[in-house]
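Input: a single structure, listed below in structure tokens.
The values are calculated or read from the model by the stated rules, or taken from the named source; none is laboratory data. All values reported here derive from a predicted model rather than from experimental measurement. Backbone-built Cβ (ideal geometry, glycine too); neighbour counts: all protein chains shown. For the accessible areas, the whole protein counts, side chains as well, though only heavy atoms, and no ligand, DNA or RNA atoms are used. Shrake-Rupley method; radii C 1.70, N 1.55, O 1.52, S 1.80 Å.
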Amino acid sequence: MSATNADEGREKVAADGALDEKSSAQEEVEQPITYEQPKGLRGLYAHPRTQSPLSSLGQLIHSPPHQIVLTKPDRSINNKLGSKLTLLLGTLGYALYVGSYLAMNIHPNAGGFVIAAGALLGISAGLLWTAQGSLMLSYPTESQKGQFISIFWSIFNLGSVVGAAVSLGLNSKSTANSVGNGTYIAFLVLTGIGCLIPLFMVDPKKMIRTDGTKVTTPRHPSWKVELYGLYVTVKTDPLIILLFPMFFASNWFYTWQFNAYNGYLFDIKARSLNNLLYWIAQIIGSVLIGLILDQEKIKRRIRAYAGWGILFVAVWALHIWAYFYQRDYKRPVEGLPDPFVKYTTDTPGYGARVALYFFFGIVDAMWQITAYWIMGAMSNDPAKLAHFTGLYKSIQSAGAAGIWAADGDKVPYMNIFLSTWILLVVGLALVLPMIHLRVKDSTDLKDEALARMDDSGNIIPVEELKAVDAKAGSEKVGV
């Protein structure tokens, strides 16, 4: 690379501003350049607390495992196209997927359409989740990440609450034990509205954090450099690999909870009510863990250990409780009548079983938010966080696809339950050393190799970047 190009690359890296606030415990360095946030209604609309949740509103239903199709390259697509356009493209597959189920209800031979829509959803869901995750983790300051993730998760699950409430209202008097056209039409309308949300978002390049620092935006002009950035991300931060089992387990448990537990034990009315309570529990869990992970009076490393400890106790307590229910029933033999009588809302024992399902919802939210929060503790750079969230969603989806396939092959419910329990424990066991070795009280510039990479793929040394940054700051003050 020529000296001129190198200088231009350094200028572009510096022009995007400092990565985030530095810890006061660090050696004295230049303060990041700060900018004044817009005032009035424009300031409210362009505020990070407004724009980050806005990026979540389109996610009104959960992504099924089909999204594994293109999640891995989607992180590079996000960094190349920008988060706003990536979000818009990512919402389209959801409406198509819901519409395919409506078509299947009307025309039973439309199975091919459902499969094709699922494959397309795999592409669009990867785009949506990668862009959303990058924005959610880069818009807040280091002390606000738990709060922003909780806001996202609450809004995301509010969509599920609305969907579950619609389903409950439509199925409360149903005896068919199946979903009607009205339910799918309602979901189709909701997802259609969600497709329009990205059009109203502020350009991330104009976003200013609450501390006055600008959000850095990916600068990579070529796909080659962008793909190289993925390699740099993993090579310079290899401890992310210790989170892979946690990612893998994060959608694995849905199959047992949704199919082997709620789907099998309860009738359609009870299932609909259970779903409503489950998604409400998700909101409660997200708020609780967000408050814990953002306690500024407590060091970030200690908060990380606290979040881990809560998950460890909850996973063991709930699965011991659930074991005593799972041992009392088995998957029915195909072709033979099922003697099991499904629970209704009036059946004795229903209350305890739905309480377990409610607590599973709380722990699910805590698990997902803790995973996001740990990634956010590793970086403040949107490009690097896009790679992290892309890895998270692809590995998560691989786990979900695997256990859905096992469920389709009629693996015994107890086996699915035990595999879920074991994966969660293994995931937590590997997260503990990762927290010890990698989570710091503040993110260092030396850990942000991708943010220090110029347009040609060269990584600028920290000292050189600080010198250029200081020069830019002095020029700003001079103006």
Return the whole-Å distance between the Cα centroid of segment 282-299 and the Cα centroid of segment 347-423. 19 Å
If I histogram all Cα-Cα distances within segment 250-338 using bins 5 Å wide from 0, what percent of pairs lands in each bin? 2, 10, 15, 20, 18, 12, 9, 6, 4, 2, 1, 0, 0
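Tell me, in nm to one decimal, what length is gained between residue 291 and residue 418 on full extension, where the rule is 0.36 nm per residue of separation less the Cα-Cα distance? Walk me through the numbers on the way to the answer.
On the way: separation 127, 0.36 × 127 = 45.72 nm, distance 3.12 nm.
Separation in residues times 0.36 nm, less the Cα-Cα distance, equals 42.6 nm.
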Return the subset of 299/440; 393/440; 269/393; 297/440; 384/446 for which the Cα-Cα distance in this structure is over 20 Å, preserving the input order. 393/440; 269/393
Stokes-Einstein D (µm²/s) once Rh is taken as the Kirkwood radius of segment 272-383 over alpha-carbon pairs, at 20 °C in 1.002 mPa s: 130 µm²/s
Counting only protein heavy atoms and leaving out ligands, DNA and RNA, the solvent-accessible surface of residue 323 at a 1.4 Å probe, in Å² to the nearest 10, equals 80 Å²
Over all Cα pairs of segment 370-410, how is the pair count split among 10 Å bins, expressed in % and running from 0 up to the last occupied bin? 28, 38, 21, 12, 1
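So if each residue of separation counts as 0.36 nm, and I subtract the Cα-Cα distance between residue 444 and residue 313, what length gain in nm does that give? List each step's numbers first, then the result.
On the way: separation 131, 0.36 × 131 = 47.16 nm, distance 3.15 nm.
That pair, residue 444 and residue 313, stretches by 44.0 nm at full extension.
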Taking amide H positions as placed 1.01 Å from N in the peptide plane, with prolines and chain starts having none, which residues 5 or more places from residue 460, or on another chain, fall under 5 Å of its amide H? 453, 454
Compute the distance in nm between two label points, each set 7 Å from the Cα along the Cα-to-Cβ direction, one at residue 432 and one at residue 338. 3.9 nm
Probe 1.4 Å, protein heavy atoms only - accessible area per residue of segment 396-448 in square angstrom: 40 Å²
Note down the accessible area of residue 246, probe 1.4 Å, to the nearest 10 Å². 0 Å²
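Ignoring any ligand, DNA or RNA, what whole percent of the accessible area of segment 374-429 comes from carbon and sulfur when the probe is 1.4 angstrom? Write out the running numbers ahead of the final one.
Numbers: 1040 of 1450 Å².
Of the solvent-accessible surface of segment 374-429, carbon and sulfur hold 72 percent.
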Calculate, in nm to one decimal, what residue 193 and residue 323 gain on full extension: separation in residues at 0.36 nm each, minus their alpha carbon distance. 42.7 nm
Estimate the FRET efficiency between residue 352 and residue 239 by the formula 1/(1 + (r/R0)^6), using the beta-carbon distance for r and 56 Å for R0, to the nearest 0.05. 0.85
Which residues' amide hydrogens lie under 5 Å from the amide hydrogen of residue 343, considering only partners 5 or more residues apart or on another chain, with H built in the peptide plane? 266, 267
Whole-angstrom Cα spans of segment 297-340 along principal axes, big to small: 60, 17, 10
